[in-house]
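All remarks here apply to the structure that follows.
What follows is calculated from the coordinates using simple rules that are stated; it is not laboratory data. Since we're looking at a predicted model, the values are computed, not measured. Counting neighbours? That spans all protein chains shown, and the Cβs are built from the backbone with ideal geometry, glycine included.
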Amino acid sequence: MKKSLLAIGLFIVAVCAGGCVVVVNEETREPKGRSHLPADQTIAEIDAVSKLSFESDRKQGYKRIAQRQGLSAEAQVHLVETALSKLAFDSAKEEVLLALIENPDFSHTAEQVILEDLNKLAFESSKKKILEAISKRKA
């Protein structure tokens, strides 16, 4: 009896003393492979739009930025990544991405990011519209 209590006691001490705690804050982690520093006012504006409370307000803000001429490739990439992560509805994501694709200054870098992150759209119809818009642009 004493040996089994001793064994149980040692087991409990080993588990308590040997355990470790890992805390990860997901909001501060950067996506692997692509890390972008807010280098210009447009990126800061995109981040400000992200803090709006309502989805429709965020969508309109992102769309306004997507339609802006002279948008840098870095800002376009940040807009794509942010819109895909901060907008909940595919229709809103689709509107923003289509507005960016139709922008005369649409960059190859932003196109690549859209193609890589296309799986962040839930519906096949949305994915198809984005792919068709990219193809149409190249024609």
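Scaled against 2.2 N^0.38 Å for its residue count N, the alpha carbon radius of gyration of the stretch 44-139 is 0.97. With contacts taken as Cα pairs under 8 Å at a separation of at least 6 residues, the stretch 39-138 carries a relative contact order of 28 percent. For the pair Asp47 and Gln67, the difference between a 0.36 nm per residue extended length and the Cα-Cα distance amounts to 5.5 nm. Here the 3J(HN,Hα) profile of the stretch 57-64, calculated from phi with Karplus coefficients 6.51, -1.76 and 1.60 at θ = phi - 60°, is 5, 5, 4, 4, x, 5, 5, 4 Hz, Gly and Pro shown as x.
Each residue of the stretch 104-119 was assigned a 3J(HN,Hα) from its phi angle through the Karplus curve 6.51 cos²θ - 1.76 cosθ + 1.60 (θ = phi - 60°); the sequence is x, 9, 4, 9, 5, 5, 5, 4, 4, 5, 4, 5, 5, 9, 4, 5 Hz, with glycine and proline shown as x.
Between Phe123 and Ser56, residue separation times 0.36 nm minus the direct Cα-Cα distance comes to 22.2 nm. What does the net charge come to around Ser91 if you take all other residues with beta carbon closer than 11 Å to its beta carbon, with K and R at +1 and D and E at -1? So the surrounding residues net to -1. Please list the non-local residues whose amide H lies under 5 Å from the amide H of Leu71, H modeled 1.01 Å from N, same-chain partners needing a gap of 5 or more. The answer is none. Kirkwood radius and radius of gyration were both taken over the C-alpha atoms of the stretch 70-115, and their ratio Rg/Rh is 0.93.
Computed from label points 7 Å out along Cα-Cβ, the spacing between Leu115 and Ala88 is 3.3 nm.
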